[in-house]
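Each value in this text was obtained by applying a stated rule to the coordinates, not by laboratory testing. Because the structure is a prediction, the values reported are computed rather than measured. When we count neighbours, we look across all protein chains shown, and the Cβ atoms used for this are built from the backbone with ideal geometry, even at glycine.
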Amino acid sequence: MPRRKPTIAGNWKMHLDRTKAVELARAVRRGAEALGPGVDVAVVPPFVYLEAVAKELAGSPVRLGAQNVCEQREGAFTGEISAAMLKDVGCSFALVGHSERRHVYGEDDARVAAKLRALLDAGLDAVLCVGETLAERDSNRTEYVVREQTTQALLGVSADEVRRVTLAYEPVWAIGTGRNATAVQASDVHLYLRGLLSGLYDGQVAEAVRIQYGGSVKPDNAAELLNAPSVDGALVGGASLKADSFLAIAAAAPR
Ligand code: 13P
């Protein structure tokens, strides 16, 4: 069974301006080239800077992703961006189901599933984010919540297609709070999700799909989290906005 290569992705959310985005992309590119091929590095800028960042990353191993996508193919959907448009400007993947989309913008599992379908149909990869709130964890509903989110989003996704999906376990209570899940907490959920994939598909598929952890990943907790069983990389928010901290996290991934 080939080892799953860790992926370290920086979700820039609604931060930076054009100049800073391009500078950060340049520094990430240099750092990723120095790290070598043992770890995949990706950046996820705001829509309006995708093209400028794509230019900066041209010919580099750093992958470009978008933070969101419209579930519709094209048409009168003011303010929305289609999967084909993302592909056109150089994205190879997009996030779906990020907790900020679910909890701030009210996206439900059906919408997340439709967005995932739109990406796969356009030939793009997807990062499917799942995770429980603190109240859900405190009432022992973590497994139920991530099971529902994952199962609903993957309805109708074939075994071939799911190989283009990366799961990102992002506990809502750990996002932007400075309070990361422990390596054991993260690993427990990742192993649960891998078992779930094994049931939905088969063991081979379950072993192939990457599961990233996200939520207050920083240089000082990265090594422990990234070496935990079944943790295949990180989806980094705040610490991805500075090249030094982002690259230190990438350097902590087992290679
Ligand atoms: P922080 O790393 O800022 O907690 O954000 C995590 C996240 O939401 C990545 O998608």
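Observations
- Normalised contact order of region 163-255, rounded percent, pairs of Cα under 8 Å and 6 or more residues apart: 32 percent
- Under 5 Å between amide hydrogens, built in the peptide plane, is the criterion, and for residue 63 it picks out 41, 42, 43 among residues at least 5 positions away or on other chains.
- Listed residue (236, 150, 182) projecting farthest to the positive dipole end of region 146-255, Cβ model: 236
- Taking the chain and dividing mean pair separation by its residue count, relative contact order in percent (alpha carbons under 8 Å, at least six apart): 21 percent
- GNM top mover of 66, 42, 122 - the chain, alpha-carbon springs below 10 Å: 122
- Neighbour net charge for residue 144 - beta-carbon separation under 12 angstrom, K R +1, D E -1: -1
- Relative contact order (%) - region 95-211, alpha-carbon pairs under 8 angstrom, separation at least six: 27 percent
- Charge dipole (debye, nearest 20) of the chain; +1 at Cβ of Lys and Arg, -1 at Cβ of Asp and Glu: 580 debye
- In terms of its Cα atoms, region 105-255 spans 39, 35, 31 Å along the principal axes, sorted from long to short.
- Note on the chain: with a GNM built from Cα contacts shorter than 10 Å, the maximum mean-square fluctuation among 98, 15, 190 falls on 15.
- The helix-based estimate of mean residue ellipticity at 222 nm for the chain, built from -39,500 (n - 2.57) per DSSP H run of four or more residues and divided by its residue count, is -12500 deg cm²/dmol to the nearest 500.
- Take the chain and mark each of the chymotrypsin sites (Phe, Trp or Tyr not before Pro) that is in a DSSP loop with at most 14 other Cβ atoms within 10 Å; the longest unmarked stretch, sites excluded, is 106-255.
- Mean-square fluctuations from a GNM of the chain, with a 10 angstrom spring cutoff on Cα atoms, peak among 176, 203, 79 at 79.
- Stokes-Einstein translational diffusion, the chain - Kirkwood Rh over all Cα pairs, 1.306 mPa s, 10 °C, in µm²/s: 88 µm²/s
- Positive dipole terminus of the chain, leading residue within 133, 196, 57 (C-beta point charges): 57
- For region 21-128, size of Cβ-based charge dipole, Lys and Arg +1, Asp and Glu -1, in debye: 180 debye
- For region 81-101 versus region 207-255, the gap between their alpha-carbon centres in whole angstrom: 21 Å
- For residue 12, the residues 5 or more places off, or on other chains, whose built amide H falls under 5 Å of its own are 44.
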